[in-house]
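Working notes, structure below.
The values are calculated or read from the model by the stated rules, or taken from the named source; none is laboratory data. Since we're looking at a predicted model, the values are computed, not measured. Quick reminder, even Gly has a Cβ in these numbers, built from the backbone with ideal geometry, and neighbours come from all protein chains shown. Keep in mind that these areas ignore ligands, DNA and RNA; they rest on the heavy atoms of the full protein, side chains included. Shrake-Rupley method; radii C 1.70, N 1.55, O 1.52, S 1.80 Å.
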Amino acid sequence: MEPRVKPANPVPGFTFDGTGHTPQEALEVWRAAVRLLFDVEPLGIRPFNATVNSYKIGPMLFGRARSTAQRFIRDEHVLARGGDHHVLIQLYVKGGYRGTAGSAPIEIRPGDICVLDLASTFRTEADAFDNLNMAVPRTLLGARLPNMEGLH
């Protein structure tokens with residue numbers, strides 16, 4: 001019988017668990033982790049906390065995030081940082097958000113799947129949430145979706 005060797009993790013990833021950090025430390029790490037996608041501001045009176053597990057699968061990013069309530073802002077300042085070459089597809093397991101995507105109102109509830117074009121702006125206020133995220137390069141979707149601009 002051959003000994004079993006535990007293989008190294010072949011999928012590169014990023015993990016953060018705010019438990020064990022002060023709310024301010026957790027917020028600063030969270031802000032740095034999502035900086036290319038959006039600016040965030042905590043909402044409500046609960047101390048901020050977040051956990052994220054994300055993985056790079058080829059040119060895509062896949063992950064799960066859980067957090068206390070917060071505001072997500074993707075404005076012209078965030079767009080200027082880059083990170084606009086992807087489309088963000090999210091499934092909300094718990095929680096949701098409301099706000100605007102471009103100039104259109106948007107509201108997401110548990111069980112909803114949303115698509116956000118990261119070449120566009122949005123501003124949302126999220127309840128405490130648990131969601132699954134997939135960032136897909138626009139180049140992978142562009143040839144398959146004739147109306148890419150209509151996704152947002």
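Sort out for me the Cα centre separation of region 100-136 from region 75-94, rounded to whole Å.
Computed from Cα coordinates, the inter-centre distance equals 9 Å.
Determine how large the accessible area of Lys56 is when every protein chain is in place; take a 1.4 Å probe and give Å² rounded to the nearest 10.
Estimated to the nearest 10 Å², Lys56 gives 100 Å².
How do Arg98, Arg109 stack up against each other in accessible area, from largest to smallest, with a 1.4 angstrom probe?
So, going from the largest accessible area down, we get Arg109, Arg98.
From the Cα trace of region 73-127, what convex hull volume per residue do you get, rounded to a whole Å³?
Output value, Cα hull per residue: 70 Å³.
Can you tell me, using C-alpha contacts under 8 Å and at least 6 residues apart, the relative contact order of the chain as a whole percent?
Relative CO of the chain lands at 23 percent.
Quick one: which of 111-117, 61-67 comes out on top by average Cβ neighbours within 10 Å, and what's the full order, highest first?
Packing proxy ranking, top to bottom: 61-67, 111-117.
Stretch Ala33-Leu91 to full length: gain in nm at 0.36 nm per residue minus the Cα-Cα span?
Working it through step by step, the gained length comes to 18.9 nm.
When the Karplus curve 6.51 cos²θ - 1.76 cosθ + 1.60 is applied with θ = phi - 60°, which whole-Hz ³J(HN,Hα) does each residue of region 94-106 get, with x for Gly and Pro?
Values per residue, Gly and Pro as x: 9, x, x, 7, 9, x, 10, 10, x, 10, 8, x, 9 Hz.
Could you work out the Kirkwood radius for the chain, taking every pair of different alpha carbons, averaging 1/r and inverting it, reported in Å?
By the Kirkwood definition, the hydrodynamic radius is 16.5 Å.
Once you keep just the Cα pairs under 8 angstrom separated by 6 or more residues, what percentage relative contact order results for region 11-77?
38 percent
Nearest 0.05, what FRET efficiency do Arg138 and Thr22 give at R0 = 35 Å with Cβ-Cβ as r?
0.40
Taking amide H positions as placed 1.01 Å from N in the peptide plane, with prolines and chain starts having none, which residues 5 or more places from Arg71, or on another chain, fall under 5 Å of its amide H?
Result for Arg71 returns Glu41, Leu43, Ala126.
In deg cm²/dmol and to the nearest 500, what is the mean residue ellipticity at 222 nm of the chain if only DSSP H runs of at least 4 residues count, each as -39500 (n - 2.57), divided by the residue total?
-4000 deg cm²/dmol
List, in order, the whole-Hz ³J(HN,Hα) value for each residue of region 127-139 obtained from phi through the Karplus relation with A = 6.51, B = -1.76, C = 1.60 and θ = phi - 60°; use x for Gly and Pro.
6, 3, 9, 9, 9, 9, 10, 9, 9, 10, x, 4, 5
Placing unit charges on C-beta atoms (Lys and Arg positive, Asp and Glu negative, everything else neutral), compute the dipole magnitude of region 71-132 about its Cα centre in debye, rounded to 20.
For this selection, approximately 80 debye.
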